[in-house]
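Coordinate-derived values only; no laboratory data. Every value quoted in this text rests on a predicted model; they were computed, and no experiment measured them. FYI the Cβ positions are ideal-geometry reconstructions off the backbone, even for glycines, and counts take in every protein chain you see.
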Amino acid sequence: MNTSSMVIGLLAQAATAVGVPPAPATGAWWQQAWGLWAITAATLAVPTFVAWVLSKRLRAADMWGRIAAVLVALTAGLVVCWLGYPPRLGIDLKGGLILVYEVDSSKQSVAEVDDCIRRIEELATQEGRTASITRGAGNRVAVKLEAADAVAREAFLAAVKSASFDRVEVREAGRRVAGDVLEVDYDLVPQKAAVAMDKLVAAVSRRVNPGGQKEVTVRQYGLDQIEVILPEVEQSEVDLVKRIVSSAGVLEFRILANRADPRHQAAITLASRSVGNSVSDKGETVARWVRVDQAKMNPDEDRRLVARPGADGGFEVLVMVDRLNVTGGDLGRVSSGLDESLNPSVDFTFKSSGAGKFGYLTGTNKPNPANGVESRLGIVLDDVVQSAPVIRSAISSNGQITGNFKQADVDVLVEVLNAGSLPAALKSEPISEQRISSQLGDDTIRSAKLAMLLATVVVLTFMLAYYRFSGFVADLAVLLNIVLVVAAMISLKAAFTLAGLAGLVLSVGMAVDANVLIYERMREELDRGAAVRMAIRNGFQRAFSTIVDSNLTTLITAVVLFAIGTDQLKGFAVTLFFGLLLNLFTAVFCSRVVFELAERNRWIKTLSMARLFGATDFRFVAWMKPAIVASTLFILAGLVAGWQRGKGLFDIDFTGGSSVQLEFKEGQQLDIAAVRESVKGLPNAAVSAIATAGEASGLRYKVDTSQRDDQQARDSGATVEQTLRKAFPDRLATYGMTITSVEAVKPPADQPSAESAPRESTEAKLEFPQKIGRPTLEGFIRGALEEQKIGDADFQLTSTDVGVAMGRPCRSWVLATSLDLESTKGILAAVQAKLADTPVYLAANEIGGKVAGNTQVTAVYALLASLLMIVVYVWIRFQNMAFGLAAVVALAHDVLVAVSCLALSKFVAPYLGWALVDDFKISLDVVAALLTIIGFSINDTIVIFDRLRELRGKSRFVTAEMIDRAVNQTLSRTILTSGTALLATIILYAYGGQGIHAFAFTMLVGIITGTYSTIYIASPIVLWLQHRTAGAGAGVPEPGRSPATTQPA
């Protein structure tokens, strides 16, 4: 791809990043085709022309192409940021919902299980044997052979064992023999069938984002799981969304079996003998048992129906399976409506093909005057009968689903039926759920902006003060790097997550690493008496290979993190990846262009720099043994602390359970001891305080527990959130609503009167302290109408907020109702009261055991894969296995020290609260930090290894003196790059907010220990390994000795 097409692609993607196509017929000029082409042409032509003019004036005609590349990159980055700003934000920054669902394999193989039961029944009754089969809970069947001798028993058992069953494994669960009676229990285990995950993802996407206007992400997650990410979903919308996602949406129209109908007698007789769900006659399914929703239909009302007790304690009815097979796929349009009693209903129309089938089905089942038989049409959704009206006449064009529906039920059915059925059923409950309020997102953004601004200012100021003109060039490179990273994120429509912003902050500190390497090489050249031009050329050339090595090893960890990470961690990996990759362009290419231009035009005659160290001669190798002993003792202490904490060391990402962030009202705050006492009824409850800038202490807490909120907990009112609400009555912060105005609106005087037109309507302007979505507010209003028994009132919500068209929550709403002024005031008062009684939970996560187990395995694989790839790369790069093994030992040391600090944090937190030390736990964010530590630490190690390779020259072995010289020569660079990264991380730790506090703490420890291990662990290990390999008699000095000295400096 050439430069022109690349820039065109970036600009087109930037145009679509704000939710519009790249070339619409109308809209802003820059969104149209000609405008996009004009901007692209200008982005290429103007910087190129300016570069040509500058190259002539600055006596650098041979540099015209390089100057043009820098200016085009800068211009393209700024234009893309202008077109696509603001960039997309992740769920953790703007609030929303993340759900992970698993395919329900038990529903995939109902037919196979029924066939298996029939096959076992056939085997049991062969050769004249008498047998009965009963079906228990789940997929267990009990076989009873009567009057069977030992030969008959063994023959049956052998036949079942050797039989082949289609996608079902038959496991014997128990066997009992009493006289000549044999009883055997079998568990029927369905095997997972292949699922077209791409079709499943597309079907779920149609449900949660039918108009395609929302920034919704639906993607495959693992082998048989899907992840649904919905930004800006309110707390009260969660249940609705979960029902829409998990409902299979399989709609069928079936005639219920009728004892009085002669056409059904054969099927009813077969069903009485069958224990499965399907009823077959000569291999063809003729009827099926389906569950009844007893809240909407009572099978006892009609004794002619064929019913039986269900496995879940309810009832099942028999429905006939006809060849017409009228399903939801035959529907045209589905909408909500009202039945004859003005109760909510689902109205539908048929496609032309479906109308003919449905007309024939209902026409052949009209009341029979001869025998008085009336047929019921069962409306079956996901194998549950929703209603069964009596067929009075043939129906072909449209119909209505009625029952004891609430409006929310109707809304779900409409969404599901319009979107179509899923190609595979999902489990009704998500295996993982993360919920973040928009309020927490706003707080997080403020903290992240502050941290990023401070980190950038501090690092840039330090570079300018230390390196002067060279620091100014480095600052320009860092700023260009930030612009290009943001432009790349916008172009790829990648969302900035909280961890991603942390990665951007870290990249500011790490981006100067390449500049420091170059400048320290320049300093060495100047110290040798080289001219400025020669120092610039040699500085860039000799530092290039080291820069590439150090960046590639960190890119390895970014790629691994992207492969294994969650949505938030992928954002971190993407920003880290782009930051490092673009840093090769900005720090090496762009900086060199500026330096060469400045030198040619005599803007600089020398390179003035501050000096941290002079010529040092520290004996680092002599301290190897004490350093290793100290590290070993500290790691052992950390391991003991980790053993003491047990599962308490791990976040729910790894253990499973629930986590809720709660907030108290102003003046109602509690200290952490009181909160812990109040929630001690929750299993394995752990409480941590959340500090927020500008707020009083004791207002926000995070509560972790091993409890998961299953359906039983919801039915009994014992969910984590319900338990917290009971534990802190009238203390939790709640929603609020301010009514700024309520006015009656008279119809215009010239409007003709009509009986159906309202004589008076009302308009109210509403303000909310937190953003609230339209579905949430509509639900509160509809609930208030139902409470006051006003079911037929019309109302409409509008907002002037630009985000309302995208389905985003807003703070200002206008409500228009068909009610009079007083009735509207009563409704609004009820809504206010309900909002005031609804607690605000800033975030809520629920992780299932399977997801937690997968996370554990994935995290271990990620760490091992990173270490393995880095050691292989270092081995190949330095042509010596000792270097690779020394690198991995140092990296393992850094990870273990960081984990030890996390384990010890609980015990030292009461004494180091002033240093913001908390009871830290290992979460996925911490794993991301550990991977980043691996990448950062190997940077320092490679720099020293690279210098060591230079000093070794053609020598076969490394000596202690070489190691001391290598570390001394790179000491200034090591301290400077670690210092800038440390400054950025300290600011991130202090001001980044609770969401990345553990991440920043881990990074802080990692940077310190990474610098330490580079000097005292990695290089001495190389010496020790070579000594072990070659032997003491091969001319290799002993690891603890140096030709210069044997005593530590």
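What's the extension gain from GLN788 to VAL457 if we count 0.36 nm per residue and subtract their Cα-Cα distance? Please report the intermediate quantities before stating the final value.
On the way: separation 331, 0.36 × 331 = 119.16 nm, distance 5.83 nm.
Stretched out fully, the GLN788 to VAL457 stretch lengthens by 113.3 nm.
Once you have the Cα-Cα distance between ARG57 and LEU78, take 0.36 nm times their residue separation minus that, and quote the gain in nm to one decimal.
Values: separation 21, 0.36 × 21 = 7.56 nm, distance 2.52 nm.
The ARG57-LEU78 span can extend by a further 5.0 nm.
Using a cut-off of 15 Å between beta-carbons, work out the net charge of the residues near GLY65 (Lys and Arg +1, Asp and Glu -1, GLY65 not included). Display every interim value, and only then the final one.
Values: positive: LYS56, ARG66, ARG592; negative: ASP62, GLU596.
Net of charged neighbours comes to +1.
Run a plain Debye calculation on the stretch 250-405 (Cα atoms as equal point scatterers, no solvent) and give log10 I(q)/I(0) at q = 0.15, 0.18, 0.19 Å⁻¹, rounded to two decimals, same order as the q list.
Summing over Cα pairs of the stretch 250-405 leads to -0.80, -1.17, -1.29.
For ALA287, list long-range residues whose amide hydrogen, built 1.01 Å from N in the peptide plane, is under 5 Å from its own amide hydrogen.
Here the answer is VAL279, VAL321, since their amide H atoms fall under 5 Å of that of ALA287.
Quick one: which of 316-324, 595-603 comes out on top by average Cβ neighbours within 10 Å, and what's the full order, highest first? Walk me through the numbers on the way to the answer.
Values: 316-324: 19.8, 595-603: 16.1.
Descending packing order for the listed peptides: 316-324, 595-603.
What are the ³J(HN,Hα) values, in whole Hz, obtained from phi via the Karplus relation 6.51 cos²θ - 1.76 cosθ + 1.60 with θ = phi - 60°, for each residue of the stretch 603-612 in sequence order, with x given for Gly and Pro?
Per-residue couplings from phi come out as 5, 10, 10, 8, 10, 8, 9, 6, 10, 6 Hz.
Out of residues 5 or more away from ALA843 or on other chains, whose amide H comes under 5 Å of its own, with H placed 1.01 Å from N in the peptide plane?
Distant-sequence amide H within range of ALA843: SER437, GLN661.
First select every other residue whose beta carbon is under 9 angstrom from the beta carbon of ASP925; then total the charges, Lys and Arg +1, Asp and Glu -1.
Details: positive: none; negative: ASP651, ASP653.
Summing Lys and Arg as +1 and Asp and Glu as -1 gives -2.
Determine the shape class of the stretch 316-364: with a ≥ b ≥ c the square roots of the Cα gyration tensor eigenvalues, call it rounded for a/c under 1.5, and otherwise prolate if a/b is greater than b/c, oblate otherwise.
Working: a/c = 2.18, a/b = 1.38, b/c = 1.57.
Verdict is oblate for the stretch 316-364.
Which entries of LYS771/LYS825; LYS449/LYS771; LYS199/LYS282; LYS357/LYS406 have Cα-Cα distances beyond 25 Å here?
Numbers: LYS771/LYS825 22 Å; LYS449/LYS771 20 Å; LYS199/LYS282 34 Å; LYS357/LYS406 30 Å.
Checking Cα-Cα distances, LYS199/LYS282; LYS357/LYS406 exceed 25 Å.
From the convex hull of the Cα coordinates of the stretch 320-436, what is the mean projected area in square nanometres? Walk me through the numbers before you get to the answer.
Working: hull surface 38.2 nm².
Directional mean of the projected Cα hull area for the stretch 320-436 stands at 9.5 nm².
With the alpha-carbon atoms as the only input, what is the per residue convex hull volume for the stretch 110-190 in Å³?
78 Å³
Explain nothing, just the number: relative contact order of the stretch 110-190, from Cα pairs under 8 Å at least 6 residues apart, as a whole percent.
Numbers: 123 pairs, mean separation 26.3, N = 81.
The value is 32 percent.
Determine, for each peptide in 769-777, 1018-1026, the mean count of other beta carbons within 10 angstrom over its residues, then list the peptides with the highest first. Could you put the intermediate results ahead of the total?
Numbers: 769-777: 19.4, 1018-1026: 24.7.
Packing proxy ranking, top to bottom: 1018-1026, 769-777.
What FRET efficiency, computed as 1/(1 + (r/R0)^6) with R0 = 22 Å and r the Cβ-Cβ distance, is obtained for LYS765 and ALA833, rounded to the nearest 0.05?
On the way: r = 19 Å, r/R0 = 0.87.
For LYS765 and ALA833, the calculated efficiency is 0.70.
Residue by residue through the stretch 770-782, which ³J(HN,Hα) values in whole Hz follow from phi under the Karplus form 6.51 cos²θ - 1.76 cosθ + 1.60 (θ = phi - 60°), with glycine and proline marked x?
10, 4, 9, x, 4, x, 5, 5, 4, x, 5, 5, 5
So how strong a dipole does the stretch 110-190 carry about its Cα centre when Lys and Arg Cβ are +1 and Asp and Glu Cβ are -1, to the nearest 20 debye?
Values: 12 positive and 16 negative charges, 34 e Å.
Here the stretch 110-190 has a charge dipole of around 160 debye.
Can you tally the net charge around GLU520? Count Lys and Arg as +1, Asp and Glu as -1, for every other residue whose Cβ sits under 12 Å from the Cβ of GLU520.
Details: positive: ARG521, ARG523, ARG542, ARG611, ARG947, ARG973; negative: ASP513, GLU524, GLU525, ASP527.
Net of charged neighbours comes to +2.
Ranking request for peptides 48-61, 928-941, 465-478: highest mean number of other beta-carbon atoms within 10 Å first, then the rest in descending order.
Working: 48-61: 14.4, 928-941: 27.9, 465-478: 20.6.
Per-residue mean Cβ counts within 10 Å order the peptides as 928-941, 465-478, 48-61.
Taking 0.36 nm per intervening residue step and subtracting the Cα-Cα distance, what contour gain separates ARG600 from VAL50 on full extension?
Details: separation 550, 0.36 × 550 = 198.00 nm, distance 1.86 nm.
Working it through step by step, the gained length comes to 196.1 nm.
Separation between the SER272 and ASN371 pseudo-spin-labels, each 7 Å from Cα along Cα→Cβ, expressed in nm?
Going by the 7 Å Cα→Cβ label model, 1.6 nm.
Give me a comma-separated list of calculated 3J(HN,Hα) values for the stretch 632-644, in order, Karplus coefficients 6.51, -1.76, 1.60 applied at θ = phi - 60°, integers in Hz, x for any Gly or Pro.
5, 5, 5, 5, 4, 4, x, 5, 5, 5, x, 5, 5
Taking the Cα-to-Cβ direction at THR130 and at VAL559 and moving 7 Å from each Cα, how far apart do the two end points lie in nm?
The two pseudo-label positions are separated by 7.2 nm.
Would you mind checking which residues have amide H under 5 Å from ALA257's amide H? H placed 1.01 Å from N; only 5 or more apart, or other chain.
Counting only residues 5 or more places away or on other chains, the set is VAL306, LEU318, VAL319, MET320.
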